[in-house]
């Protein structure tokens, strides 16, 4: 199986931490040059430095079209092409739709939190794909990989905004697979399950244990588990896979 990315240039959004960092390091080990796009400057620079001369960091807020346009141009100037886009950047702002106690509303998801998650997780994916697609079309080649989630497939308590965003990513993935497939570009999504990252390490121990208990393989996932899926979909081995949603979740299913 050919998993080499030699000669390819990959943009990894949210590449400074967690799954993005693991993906950047793995793609670099497979031969790709890496553009680390992240709003977290220190973390992004550290990943680029760890990879070495075949990597560069660009500070980007993916929800801001001007930032994305500038980073796209800078990446082209640095590397000359863009072959792979991993739309990994994402945020959470969890809250229940509405909380009621003794017949009184005691809490709700704020409009600001809803908009923030949609802005990064949906509009950010849209912004990056729209900026990079013309380059891939000119090249006659491209791989666009979008981060969804099992939450986008099954929903999750207290995550109206996040679930909506990840379901939206699946919808965009399937549309773009149809629109771009004949131009030499495949578009696929990965739907991670429960993955240990800096975000999840702060969860209560009881919650962590419960998530692992409901995962049939009996462990949480690692960022490297997701990076491996991205590598496969970015490689020539997956050239006939288009519009797919690959669940990498240890067997986690609806209702668990």
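Quick note: the coordinates plus some simple rules give every number you see, no bench work behind them. The structure displayed is predicted, hence computed values, not measured ones. Glycine gets a Cβ as well: all are built from the backbone with ideal geometry, and neighbour counts include every protein chain shown.
Ranked by the mean number of other Cβ atoms within 10 Å of their residues, highest first, the peptides 213-224, 129-140 come out as 129-140, 213-224. Here each label is just a point 7 Å from Cα along the line to Cβ, and for residue 49 and residue 232 those points are 3.5 nm apart. Peptide packing: for 17-25, 89-97, the average count of neighbouring Cβ atoms within 10 Å per residue gives the ranking 17-25, 89-97, highest mean first. Distance between the 7 Å Cα→Cβ label points at residue 239 and residue 130: 3.2 nm.
The protection proxy used here, the mean number of other Cβ atoms lying within 10 Å of each residue, ranks peptides 178-184, 160-166, 243-249 as follows, highest first: 160-166, 243-249, 178-184. Between residue 224 and residue 207, the contour length at 0.36 nm per residue exceeds the Cα-Cα span by 3.9 nm. Spin-label pair residue 1-residue 182: with each label point 7 Å from Cα along the Cα-Cβ axis, the two points sit 3.1 nm from one another.
Applying 0.36 nm per residue to the separation of residue 115 and residue 99 and subtracting their alpha-carbon distance, the gain on full extension is 3.8 nm.
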